[in-house]
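Asker: Pasting a structure here, questions to come.
Derivation of every value follows stated rules applied to the coordinates shown; laboratory data play no part. Because the structure is predicted, anything quoted here is derived from the model rather than measured. Cβ sites come from the backbone with ideal geometry, for glycine too, and all protein chains shown count toward neighbours.
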Amino acid sequence: MNGISLNPISSFNPTQVAPTIGGVTEADVAFRNRIIGNVTLGNTLAQLELVMGVKDSIRADEGTPFAFGTIRSMADRVTVHALVGSGVVAGNNNTFGTNVLIHGGADTGNNNAVQITLGSNITVGDDSVIFRSNIGDGVVIGKKVYIDNSQIAASSIIADKSIIINNQFLGFVEW
């Protein structure tokens, strides 16, 4: 499903909210990607046409709100989502590779919602997953990286295929 629209009404998100894009509340069922719910993006719609790929999905239909500065580049099949009670905050000038997943969710230790925070000027490589984490400004995340429930310091470089959970490097993925 594509387009820019209100989030669906549900038991955990009973109020419909339209996205705000470049300071304007938008609805555009013809937009080639999916942006729904309480999402604020710094880019204008015309800029998003230039910087987004295809099959991207920014869905504030469960967790909310999502607040993004400007997106520098978003390749194909990027998904941004969050579980109930968590949201996403991102700075400016960020680059997202193909098949990236950015996801907020509950902290497994105490079941409290964890907002995901992305700084400015970050790069997230292809096939990487960032879950329940905070990423500092200027971080470069390689390809096929998995980061969960961690704090990544500004200007860090995360090697391809790294697994980081609870602030600990656990090795490399094999795929």
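Asker: Scan the range 41-110 for trypsin sites (Lys or Arg not before Pro) in coil per DSSP, keeping those whose Cβ has at most 12 other Cβ atoms within 10 Å, and list them by number.
Answerer: Hits after loop and neighbour filter: nothing returned.
Asker: Among the aspartates and glutamates, which fall within straight-line cross-link reach of Lys55, defined as a Cα-Cα distance under 16 Å, with same-chain neighbours fewer than 8 residues apart omitted?
Answerer: In chain and number order, the partners are Asp28, Asp76, Asp126, Asp127.
Asker: Which value in Å is the Kirkwood Rh of the chain over different Cα pairs?
Answerer: Evaluated on the chain, it is 16.0 Å.
Asker: Ok, one more. Using a cut-off of 17 Å between alpha-carbon atoms, which lysines can reach Lys161, once sequence neighbours fewer than 8 places away in the same chain are excluded?
Answerer: Lys143, Lys144
Asker: Which residues' amide hydrogens lie under 5 Å from the amide hydrogen of Phe96, considering only partners 5 or more residues apart or on another chain, with H built in the peptide plane?
Answerer: Hits under the 5 Å cutoff: Ser73, Met74, Ala75, Val124.
Asker: Another question, if that's okay. Rounded to two decimals, what ratio of Rg to Rh does the range 80-175 give with C-alpha atoms and a Kirkwood Rh?
Answerer: Rounded to two decimals, Rg over Rh is 0.94.
Asker: I want to check the label-to-label distance for Asp76 and Leu50. Put each point 7 Å from Cα in the C-beta direction and report it in nm to one decimal.
Answerer: With each label placed 7 Å out from Cα toward Cβ, I get 2.3 nm.
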